[in-house]
Each structure stands twice: as structure tokens, then as C-alpha cells.
Amino acid sequence: MDSPDTDWAGVRLHVVTGKGGTGKTTVAAALALALASGGRKVLLVEVEGRQGIAQIFDLPPLPYEERKIAVAPSGGDVFALSIDPEAAMLEYMEMFYGMRSAGRALTKMGIVDFATTVAPGFRDVLVTGKTTEAVRRRGRNGRRIYDAVVLDAPPTGRIARFLNVTQEVAGLAKVGPIKNHSELVNNVVKSPETAVHFVTLLEEMPVQETLDGIAELRAAGLPAGGIFVNMVRESLLPQAALDTAVKGRFDAGELVLGLKAAGVADGAEATAMAEALAEEVVEHAHRTELEKAERASLAEAGLKSYELPLLADGVDLAGLYELAESMRTQGAA
Amino acid sequence: MKKPATLDIDAILDDQGTRIIVCCGAGGVGKTTTAAALGLRAAERGRCVVVLTVDPARRLAQSMGLTELDNTPRLVSSPEGGGQLFAMMLDMKRTFDEIIEAHADPERARQILSNPFYQSLSSSFSGTQEYMAMEKLGQLRRSDEWDLIIVDTPPSRNALDFLDAPERLGRFLDGRFIRLLTAPAKAGGRSAFRLLNAGFGLMAGAMTKLLGAQVIKDLQTFVSALDAVFGGFRQRAEMTYQLLQAPGTAFLVVAAPERDAMREASYFVERLAEERMPLAGLVVNRVHVSPAPALSAARSAAAAEDLESRGEHELTAAVLRLHAGRMQLTARESREQEHFASAHPTVPVVQVRAMSEDVHDLTGLRQIGDLLATA
Ligand SMILES: Nc1ncnc2c1ncn2[C@@H]1O[C@H](COP(=O)(O)OP(=O)(O)OP(=O)(O)O)[C@@H](O)[C@H]1O
Ligand SMILES: Nc1ncnc2c1ncn2[C@@H]1O[C@H](COP(=O)(O)OP(=O)(O)O)[C@@H](O)[C@H]1O
Ligand SMILES: [Mg+2]
Ligand SMILES: [Mg+2]
């Protein structure tokens, strides 16, 4: 059921990162829908306990449980899971040691609280452990339960640490169960079955952060995926007009005639308005130029890149499907 | 609706009684930019200023000469009129190390600094950056070398992490789990005995299985060492907290005119009031304006449609569409600001328009400073 014609055909774990507020949760949700469409089964995972998935799909808060939350275009199911490190630890203790009550007692003592405070690496290994378990899980027929898992991951600044769990945990636990567990995670995360995608805007800081993030990932031997350029404004003006505007040679004369023809203004008023609008055009042209420069910087990373439109009315369910459709037509899924 | 009072930035900067300005707000709204712009303006008005930044955009940092994270203020400019601008970038790990060194005897300090748990805590505890920013602020203030300190706050997920972080670390060290780990060492075995009765054996077994014996040992060493210096920590945090409440401090909440950022700003305003921290006002940054405000979105769109249906003046039609979009955006931004104003009618506000380019040099900062002061 793989579709070999998409850019990430062999990938089973899609990790979505990016600067804060650029649209990680939105892109992860849309990507899950896009990957599921055509009858596949996809799990969308969130790890920061913020209930971003529930919000975006307009659902009550998700429990620590995989449940179906949406149907993809032309069939296919999206399941969601909000990973709570505490619950993940209980599950882990029970699964590996059959120690449910001891696990409970430790939780009461605040061990998870402790782990998140002093050694986030421990917490990360629980969370990535649960995620990669879902990736590896097979049904009775020996086939994978999920065709793909999409992870709404921590922001760019923390992603390499988050995924590089073996490294993170190595300093803390040189031997022992945590170390072993982290190696299992590592096997999935560093394999060709994983791709780490970056969400960015066409602005200086998010682009810079994306490039730094990609470099950091590569240095850590982690697989960089694609770049999702989010909230792209469609350009309304012809390139020729933008070019003259950038050079400061945009002529308001044509606008005067147009405004008169449309009956918007007359005489001196039309001239003043045309000049004001011309100023707006120049500003817009400058911004477009800057965006072009940001695109060029992104291109240097040498990754596949996809552009997602700025949805004028914000992101609702219909908007998510629109973004998913856009991803499919661009070959991201 | 009544317009909110205008925030008078120059009055704050010129008041010699203003010793600390804290810029807080959601991530990416322009806290760092505002802090730096205020610093430059204050220096140009004759004050001796230091700006403590946390995460400046790379080009901005370069233009201020902040290429190294060396944790000490550097002179950026000495404008005419006797003022001076210093700036520094926070090195949280170094700041943390310094506190340890100041509060523990050399042997214990060495023990802590080389412990793997300390290394993890000092470089990745989610509140460390916030905590250390406040610690550095306290240090700068105590040194009394500057008459105005402007602090930028880290891009926390939780708005006021910089207020909460010291307490969180304290709560953590007082937590039951930590007590459990340190109990045997502390009470000469007596409390360990008590805990044994409470099923300590089971617990210790589970912990050892989960974490491994070495980890438990490292942890115990770390926690008891840190515990010994924590009294000093707490005292310092308390002092900084009081500094923030003092009359010489002014909080500026920075926001962008978007729903999430304005909501966060509301939350800040409320939290600051709860903590009795002196709020000076709200900076709404990156506000979009149109040079042709008289032409409404609706009229502009209608005219564009008219031209399009007649197949005439294609360029004008496109420009009218562009303008309609811009006017829609400004309307949405005004609405967000009105919401805020009706919820917090007494908070003074100033707006800074969105520049078409990022702000990465002193010229840009000066421009932002002008906008802040002459709104
Ligand atoms: N293509 C888009 N068009 C319009 N609005 C968008 C688009 N993508 C995201 N948004 C909006 O931008 C805001 C931030 O998006 P989102 O919550 O997905 O970002 P995030 O990166 O997950 O943020 P955080 O770092 O806080 O987790 C939301 O209000 C979302 O609705
Ligand atoms: N008024 C403005 N106009 C245009 N760009 C701005 C403005 N204010 C800030 N910026 C840009 O926005 C980005 C984020 O600003 P920054 O001050 O680093 O935000 P924060 O510190 O709140 O995360 C920077 O690239 C900065 O140059
Ligand atoms: Mg999110
Ligand atoms: Mg900043």
C-alpha cells in the first residue's frame, strides 16, 4: 500500500519540528491526514501535554490512549495519542518488569517530576520510546499496525537533543535498563525509516533557526527530511510590477486611471490615493524580495521543500484538509 | 470605546528613579528588539545603560558586537551627552557555575560541577535560563555600575517562567523523591529505617531496576551536595524577587497584535498584578498600517471586482486586492487590541508598526526607539 511516487515513501516516522509558533502542530496534523488518505492508517503523536491536537481537531482533551480522531480524504484513518511521560513510565515498568504498583509508588514520590526537572533526557527517552514502539508495532499478520507515525515534536532548539537520546542518556546512565531502552529508540530514529521535517516561515529568524537545526541534526547523524514553508502569502501582483516597484520606479499614473475607471476616486483625490497605494505596492515588493532571499537561503540546505498557503481565516478543520491536499499535490505525501 | 492612555516611554527612560526595565511577552513578538531599542534610546538620552539579552537574532547580536557569549557587559556605544550603552548575552551555564562556586567550598563545588546530573540540570532544565536571567539581573543591580538595567526575558512557553523558576527549583529540591534519596545520609540512618517500614525496599528495588545502581549513586551525591548550597540559592532568588517588586522597576509587556500573543499579554498583566510587580504598560509591536486608510477593504474589493469583470485595468485591480487584504489585516489587528483594552482599560499602550525589514543594526533600533516614544 506504499505509494512509491511520494517523496517519503519508505518513511514510517515523520518528526515535525520548527521554531515556536511557526505551525508545527498544524503541519503535523495536516501531514497525518495527507499520509492517511487513500486508505492508510496513521498515528499522530504529541508529546508536550499541551493538547494541541485536540484543539486543532476541535475535540475534548485526548487521554493517553490511541484513538481515531479523523477520516482522511478518500478513506484512511488518523489516530492520535497524547503521550504523558508519567503514564509512559508506568507502562514501561509494567511491560518490562511487571511492576505496576512500584511504578505507581514512584510516580507518587514525584519521580517523573524529578526526571523532567533534572534530567530531561530520561523523560525524552520515555516519550520517544513510546513513539518508536508504535512505529515498530506489528499486528498478528506480521504487518505494521501503522503505515506511518507523525510526531509533533519539540521546537528546533531542542530537537537534536530530544532525538539523540542515547547521547543524552549516556552521561547519566552508562549501563542499565534506560541505556538499553535508549538504544532501541536510536535504532529507529537513525534509520532511513525516519525523517525530521522543519516548519518555517519566510522570515529571517525562523529560517536561520531551520538552517542551524538542519546542521545540528546532520552533525548528530540524524536524518533531515523536508522543509515546510508555512503561511505563504500568494503574490497578487505581476512580477514585472514588483520589479519596477523594488527599483523605486513604480508609476502611480496607471493607478490614477484605474481608480477613476472604477469610480473609486476622482481628480486630486484619485492622485493622492494612487500615490498612497503605490507606496503600499513598494512595501509589498520589498517584502516579496526579502522572502525570495529567505527562499534562496533555505534552498542551500539541499532538502525538498513544500509551500503551504496562509489561510486567511486561520486554521479550522476545513483548513487542515486544504493544507493536507496541498501537501499531496506537492508530493510530500 | 475609550482609547487607552498612551504609554510615555521617554518619561520612563528619563526618570532617574527607573533602575530596571523588564521586557516580557510571548516568543517572537519583539522583546529582544524592544529591550535593545530602549537601551539605545536611554543611552542617547544620557543614561548609563546595560541591556541583558537572552537570544538576540544573529545579525542584531553582531551589530552590537555581541559575538561572544562571555557573560560580561560590553560597551556598544557612547553617544554624545554622556550616556553609555552596554550589552551582554546571557550564558546560563556559566552563571549557574558561578553561583555554585560562590556558595560551596571548593571541594564541594568541584563535586557538583563534575556531576552528570548537574551538567544536565545546568544546561537543559527548562527553567534554568529564566532563573539565570534573574540571577544575572541581581548581580548587575548589586554591582551598581549602571543606572539603568534593561532585561530581555527568554522565549518561555510559560509566560512568567522567569518568576516561577526559582520556586520550581526549590520545590524540586524539597520534593519527596529527593528527600527519599537524601534521607539515609542526612538523618544518620534513622529516617531510612522509617522509610524501610514504608516500603523503601520495594521502592529502592524498583528505582534500581529503572535507573540502574550507578545512577542512583550519582543522584544521591548530587542532591546532597546541591542541598547544602541551596539555602544560598533561595536567599538570592528572594532578593531578586523583591528587586522586581521595588518602585524602581518597570515591566513592559510586549505583544504582537495577534490573538495568541494578545492573550498571553493579558495573562502577563494579570500575573504581574497578582505578584504586585509594577507594570508600566503594553507595547504592541509589528502593527500593520496602510498608507491609504481611507479606502476600506470592502470598497477596495468591490472596485477590484468591478474592474476584473470588465476586464480593464488589471494592475489597478490587483493593487486594490492587495490593499483590501492589508485593510482586512489592520481591522483584525485593531479588534485584537480593542479586546485587550476593554479587558484592561487602565493599562497604557504604545504601538510600533511593522517595519518592512528585520531590525539588525543600531539605525534600525534607533528607528524602533523613535516609534516607541512618539506614538
Ligand atoms: N497555513 C496557516 N495559515 C494560517 N494560520 C496558520 C497556518 N499555520 C498555522 N497557523 C496558525 O498559527 C498559529 C501557530 O500554529 P501552531 O500552533 O501549529 O504552531 P506550533 O509551531 O505548533 O506552535 P508551538 O511552538 O506553540 O507549539 C496557530 O494559531 C495556527 O492556527
Ligand atoms: N517592529 C518590527 N518590525 C519588523 N520586524 C521586527 C519588529 N520587531 C521585531 N522584528 C523582528 O522580529 C524578529 C523577532 O524579534 P525578537 O525581538 O527577537 O523577538 P523575541 O525576543 O520576542 O523573541 C526579529 O527578526 C526582529 O528583527
Ligand atoms: Mg504546537
Ligand atoms: Mg528574544
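Any chance region B:61-73 includes a residue that's within 16 Å of ligand 1 (Cβ to nearest atom), surrounded by fewer than 21 Cβ atoms within 10 Å (Cβ to Cβ), modelled with pLDDT under 90 and under 30 Å from residue A:210 (Cβ atoms)?
no
Table: residues versus (1) open to solvent by 30 Å² or more (accessible area, probe 1.4 Å); (2) assigned by TED's automatic domain parsing to the domain that holds residue B:19; (3) in contact with a strand residue (DSSP E or B) (Cβ under 8 Å, 6 or more places away or on another chain).
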{"residue": "B:247", "(1), (2), (3)": "yes, yes, no"}
{"residue": "B:253", "(1), (2), (3)": "no, yes, yes"}
{"residue": "B:260", "(1), (2), (3)": "yes, yes, no"}
{"residue": "B:278", "(1), (2), (3)": "yes, yes, yes"}
{"residue": "B:283", "(1), (2), (3)": "no, yes, yes"}
{"residue": "B:304", "(1), (2), (3)": "no, no, no"}
{"residue": "B:315", "(1), (2), (3)": "yes, no, no"}
{"residue": "B:323", "(1), (2), (3)": "no, no, no"}
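Just one of A:103, A:110, A:142 is out of contact with any strand residue (DSSP E or B) (no Cβ under 8 Å at 6 or more places or on another chain) and either at pLDDT 95 or above or away from every other protein chain (no Cβ under 14 Å) (or both); which is it?
Criteria check complete, one pass: A:142.
If a residue must be in contact (Cβ under 8 Å) with a residue 40 or more places away in the chain and under 18 Å from residue A:311 (Cα atoms), how many such residues does region A:10-51 contain?
Selection size over region A:10-51: 12.
Select from region B:276-299 the residues that are more than 8 Å from every other protein chain (Cβ to nearest Cβ) and hydroxyl-bearing (Ser, Thr, Tyr) and list them in ascending order.
Selection gives B:296 alone.
Answer yes if at least one residue in region A:76-90 is on the phi > 0 side of the Ramachandran plot, at pLDDT 90 or above and within 16 Å of the chain's Cα centre (by Cα), and no otherwise.
No, because not a single residue in region A:76-90 is on the phi > 0 side of the Ramachandran plot, at pLDDT 90 or above and within 16 Å of the chain's Cα centre (by Cα).
Would you check if residue B:262 is modelled with pLDDT of 90 or more, assigned to a loop (DSSP other than H, G, I, E, B) and touching a Phe, Trp or Tyr at 6+ places or on another chain (Cβ under 9 Å)?
Here the answer is no, as residue B:262 does not meet what is asked.
Return a yes/no flag: does region B:39-49 have any residue that is out of contact with any Asp or Glu (no Cβ under 9 Å at 6 or more places or on another chain), more than 16 Å from ligand 2 (Cβ to nearest atom) and either away from chain A (no Cβ under 14 Å) or not in a loop (DSSP other than H, G, I, E, B) (or both).
Yes, because at least one residue in region B:39-49 is out of contact with any Asp or Glu (no Cβ under 9 Å at 6 or more places or on another chain), more than 16 Å from ligand 2 (Cβ to nearest atom) and either away from chain A (no Cβ under 14 Å) or not in a loop (DSSP other than H, G, I, E, B) (or both).
Going through region A:16-27 one residue at a time, which ones are more than 14 Å from every other protein chain (Cβ to nearest Cβ) and either within 16 Å of ligand 2 (Cβ to nearest atom) or over 14 Å from residue A:48 (Cα atoms) (or both)?
Matches in region A:16-27: A:27 only.
Does region A:223-251 hold any residues that are acidic (Asp, Glu) and within 11 Å of chain B (Cβ to nearest Cβ), and which are they?
Selection gives A:234, A:251.
Testing residue A:166 on (1) at the interface with chain B (Cβ under 7 Å from one of its Cβ atoms); (2) open to solvent by 10 Å² or more (accessible area, probe 1.4 Å), one condition comes back false. Which one is that?
(1)
Matching residues to (1) touching a Ser or Thr at 6+ places or on another chain (Cβ under 9 Å); (2) more than 12 Å from chain A (Cβ to nearest Cβ); (3) not aliphatic (A, V, I, L, M):
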| position | (1), (2), (3) |
| --- | --- |
| B:250 | yes, yes, no |
| B:271 | no, yes, yes |
| B:324 | yes, no, no |
| B:333 | no, yes, yes |
| B:339 | yes, yes, yes |
| B:343 | yes, yes, no |
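From the set of residues in region B:20-37 that are assigned to a helix (DSSP H, G or I) and either within 14 Å of chain A (Cβ to nearest Cβ) or free of Cβ contacts under 8 Å to residues at least 12 places away in the same chain (or both), which is surrounded by the most Cβ atoms within 10 Å (Cβ to Cβ)?
Ranking the qualifying residues of region B:20-37, first place goes to B:31.
Any idea which of (1) away from ligand 2 (no atom under 16 Å from the Cβ); (2) buried (at least 18 other Cβ atoms within 10 Å of the Cβ); (3) within 28 Å of residue A:217 (Cβ to Cβ) is the one residue A:51 doesn't satisfy?
Single failed check for residue A:51: (2).
I'd like to verify a number: residues in region B:113-128 that are in a helix (DSSP H, G or I) and either in contact with a His (Cβ under 6 Å, 6 or more places away or on another chain) or modelled with pLDDT under 75 (or both), how many?
1
Looking at B:309, B:266, B:342, which one is of a type in the set (S, T, N, Q), farther than 30 Å from residue B:241 by Cβ, in contact (Cβ under 8 Å) with a residue 60 or more places away in the chain and open to solvent by 20 Å² or more (accessible area, probe 1.4 Å)?
None of the other options fit; the residue is B:342.
Given the options A:221, A:157, name the one that is surrounded by fewer than 20 Cβ atoms within 10 Å (Cβ to Cβ), modelled with pLDDT under 95 and within 16 Å of ligand 3 (Cβ to nearest atom).
Just one listed residue meets the conditions, A:157.
For a quick check of your reading: which helices (runs of 4 or more DSSP H) sit entirely within region A:252-333 and have at least 1 residues that are touching a helix residue (DSSP H, G or I) at 6+ places or on another chain (Cβ under 8 Å), within 14 Å of chain B (Cβ to nearest Cβ) and open to solvent by less than 30 Å² (accessible area, probe 1.4 Å)?
A:253-261, A:267-299
The values are calculated or read from the model by the stated rules, or taken from the named source; none is laboratory data. All figures in this text were calculated on a predicted structure; none of them were measured in a lab. We place every Cβ from the backbone using ideal geometry, glycine too, and count neighbours over all the protein chains shown. Surface areas here come from the heavy atoms of the whole protein model, side chains and all, with no ligands, DNA or RNA. Shrake-Rupley method; radii C 1.70, N 1.55, O 1.52, S 1.80 Å.
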